[in-house]
1. On a full-extension model of 0.36 nm per residue, what is the gain between GLN175 and ASP200, subtracting their alpha-carbon distance, rounded to one decimal in nm?
2. Highest first, please rank the peptides 68-78, 114-124 by the mean number of other Cβ atoms sitting within 10 Å of their residues.
3. Expected output is a single nm value to one decimal: the length gained when fully extending between ARG119 and ARG77, i.e. 0.36 nm times separation in residues minus the C-alpha distance. What is it?
4. How large is log10 I(q)/I(0) at q = 0.17, 0.22, 0.24, 0.30 Å⁻¹ when the Debye formula is applied to the Cα atoms of the range 17-67, each weighted equally and without solvent?
5. What FRET efficiency comes out for the pair ASP27/VAL60, r = Cβ-Cβ distance, R0 = 25 Å, nearest 0.05?
6. Using packing as a proxy for protection, rank 193-204, 94-105, 162-173 so that the peptide with the highest average count of other Cβ atoms within 10 Å comes first.
7. I want to check the label-to-label distance for GLU42 and LYS189. Put each point 7 Å from Cα in the C-beta direction and report it in nm to one decimal.
8. Around VAL56, which amide H atoms from residues at least 5 apart in sequence, or from another chain, sit under 5 Å from its own amide H, with H modelled in the peptide plane?
Amino acid sequence: MTIRVLIVDDQAMVRAGFAALLNAQSDIDVVGDAADGAQALEVCGRTLPDVVLMDVRMPVMDGLEAARRLLDPGAARRPKVLMLTTFDVDDYVYEALRAGASGFLLKDAPPADLIAAVRVVAAGEALLAPSVTRRLIEDFARTRPAPRRDTLRLNALTPRETEVLELIARGLSNQQIADRLVLAEQTVKTHIGRILAKLDLRDRAQAVVIAYESGLVTPGQ
């Protein structure tokens, strides 16, 4: 299946470079581009991409606001959104993860990383390695702790699911969680699927966010 991609960046050279790289892949088709968030919403409505590569800082409408609108639960069709940034720790990226973005990628990442990122996000996975997601959120939370407003939401989880969520937030991979809890890796995947369904989360990145916001895990704990 071909992955339909929309590229959103205020620099024409960046858009052209990313498009050339991605269009060279047999399983990826760049269906459009936009120079700001407002254009992205319009083009997205016409082209129906599977994945949107979204720059964070742009004129007219920034990438964060555009991501929020694209990923609004009431939207008829929600693409996967991958945020592009020049900083490895960025307050905007944290907010984008909360809004439902599937992860972030540094603009100066190697070409192979960009291609892999599109495929990973299109497959429904969070882009980031769990440890990278955790570091991003820990760095943000140390300077601006979020209110613990989702504690009751976690009551829907079983004790085992809560334990798995905590280990996800601590940066463990599925195999590491399986080893820690003496479970089969497939069982861990099943638990994660149930966690995402019960908490209405899109992916692992959002699971890490809610673990911190609920106080289940705290920075430096």
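The values are calculated or read from the model by the stated rules, or taken from the named source; none is laboratory data. If you're wondering where the values come from, they're calculated on a predicted model, not measured in any experiment. So basically every Cβ, Gly included, is an ideal-geometry build from the backbone, and we count neighbours across all protein chains shown. Only protein heavy atoms, including side chains, enter the accessible area calculation; ligands, DNA and RNA are left aside. Shrake-Rupley method; radii C 1.70, N 1.55, O 1.52, S 1.80 Å.
1. That works out to 6.6 nm of additional length.
2. Most protected by this proxy first, the peptides run 114-124, 68-78.
3. Details: separation 42, 0.36 × 42 = 15.12 nm, distance 1.90 nm.
Extending this stretch completely gives an extra 13.2 nm.
4. -0.51, -0.80, -0.91, -1.17
5. Once the sixth-power term is evaluated, E becomes 0.20.
6. Details: 193-204: 17.0, 94-105: 23.8, 162-173: 20.3.
Result, highest mean first: 94-105, 162-173, 193-204.
7. Computed distance between label sites GLU42 and LYS189 equals 4.3 nm.
8. Under 5 Å from the amide H of VAL56: LEU84.
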